[in-house]
Structures are given as C-alpha cells and as structure tokens.
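Written below as structure tokens is the structure these notes are about.
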Amino acid sequence: MFLKSRTARKTSVSHGASRGIYYEVLFQSGIDGYLIFDKNTLEITDHNKCLQRMLEQPETENLKGLYISQVMMRYLAADSANLELLMNKIPDDWGGEADFITYKKKRFTTFLKSSVFAIGELEFQLLCIRSTTEITTAKKELEIYKEKMEKAAKAKARFLSSMSHELRTP
C-alpha cells in the first residue's frame, strides 16, 4: 500500500508521537478533518486539528482513546443520513453524507470517505470528513435567487405584454 511504503521511508510509526506528526503532515488540510481508528478495537488512535475545529471541540478534550461509536454518539445528528451505518460499522471503502452537531450545538453537513490501511500487522481505518455546509447553504441561496429571478422575468413579461396591448388598442 502507498501509506505503508511511505511510512517505512519517512518515519517509524511504532512511536505514538512520530505517528501523530507523520499523519498530521500527510493529511494537513484546512478543510478536511480526519479520524484514524484501529479496525479491531475501534479505538481512535489519531485525529487532526481541523476536525477539532469542525466539531468546535475545546483543546482540553481529546478524541484519542475513545471508541468510534462514542464519537458518533456524541457528535452525529440524530436525524442524520447514514446514521445506522455510521453508528454500527463503517464499511471499508465507503463515501457518503452525514450531519453532525458541534460541541456548541451547531449543525453542519459533511461528506465522509472511509479507507482502510495497514501498518505492519495492524489494520486502521481512516475517516476523512469534509464540511459541505457552505456549499449546501450556497446551493439553497442560489435556488432562492433563481426563483426570485424567474418571478421577476414573468412579471416583466406580463408588464411588457400588457403595455404592448395598451399601445396597440386606442
């Protein structure tokens, strides 16, 4: 696997600190949050700072050591799409949408992508989380704007039609 071979060249991932630094550099992103959890124990082994910002999580709290189900119970919205799937067992190579509730009780929409990788004998699952709230909001605003423009176009057509009729009839 790509990650396995890069890991061997770049750093020894047997130490927690170097693994965290390596993942942070590898998955550094201003828009993507990520969780890495052990596929057998389902315990979170790493996450990035972007995810903490997305969840508006205090810096004093840490997701490491929690089980993936605990995180989902804490932050996944009760009416979220793919709720059952995310609460029970996230498929290996899966992508889908979900809604989360932040620590400060704000709702945001995401696209999730799941991948599995191995380091030595251990298997891990990576869950990339991208907030799509801004895109969703922009689409809704665009739809409202489009409806307003269509109403304005119809009103203009009615006005021009009636003016044309008035000019033709004495």
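Figures for the structure shown
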read-out: Tally of residues being within 20 Å of Thr109 (Cβ to Cβ) and out of contact with any Leu (no Cβ under 9 Å at 6 or more places or on another chain) across the range 43-64; value: 4
read-out: Boolean, Tyr103 is over 17 Å from Phe124 (Cα atoms), open to solvent by 100 Å² or more (accessible area, probe 1.4 Å) and aromatic (Phe, Trp, Tyr); value: yes
read-out: Only one of Thr109, Thr137, Thr133 that is farther than 15 Å from Thr41 by Cα, in contact with a helix residue (DSSP H, G or I) (Cβ under 6 Å, 6 or more places away or on another chain), open to solvent by less than 90 Å² (accessible area, probe 1.4 Å) and among the β-branched types (Val, Ile, Thr); value: Thr109
read-out: Residue pairs meeting the criteria (Cβ under 7 Å; at least 6 apart or on separate chains; first closer than 15 Å to Ile36 by Cβ, in the range 63-83; second open to solvent by less than 60 Å² (accessible area, probe 1.4 Å) and of a type in the set (S, T, N, Q)); value: Lys64/Thr45
read-out: Unmet requirement for Ser164, which otherwise passes all of (1) assigned to a strand (DSSP E or B); (2) over 27 Å from the mean Cα position of the chain (by Cα); (3) among the polar types (S, T, N, Q); value: (1)
read-out: Residue in the range 63-70 that is of a type outside the set (A, V, I, L, M) and in contact with a helix residue (DSSP H, G or I) (Cβ under 8 Å, 6 or more places away or on another chain) present; value: yes
read-out: From Gly65, Gly20, residue being at pLDDT 85 or above and over 20 Å from the mean Cα position of the chain (by Cα); value: Gly65
read-out: Residues of the range 112-162 that turn out to be touching a Phe, Trp or Tyr at 6+ places or on another chain (Cβ under 7 Å) and within 23 Å of Ile101 (Cβ to Cβ), as a count; value: 10
read-out: Of all residues in the range 67-100 being open to solvent by 100 Å² or more (accessible area, probe 1.4 Å) and either touching a Lys or Arg at 6+ places or on another chain (Cβ under 8 Å) or of a type in the set (Lys, Arg) (or both), the one that is nearest to Phe117 (Cα to Cα); value: Lys89
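The values are calculated or read from the model by the stated rules, or taken from the named source; none is laboratory data. Not measured: the values here are computed from a predicted model. Heads up, the Cβs are rebuilt from the backbone with ideal geometry, glycines too, and the neighbour counts pull from every protein chain shown. Calculation scope for accessible area: heavy atoms of the full protein, side chains included, ligands and nucleic acids excluded. Shrake-Rupley method; radii C 1.70, N 1.55, O 1.52, S 1.80 Å.
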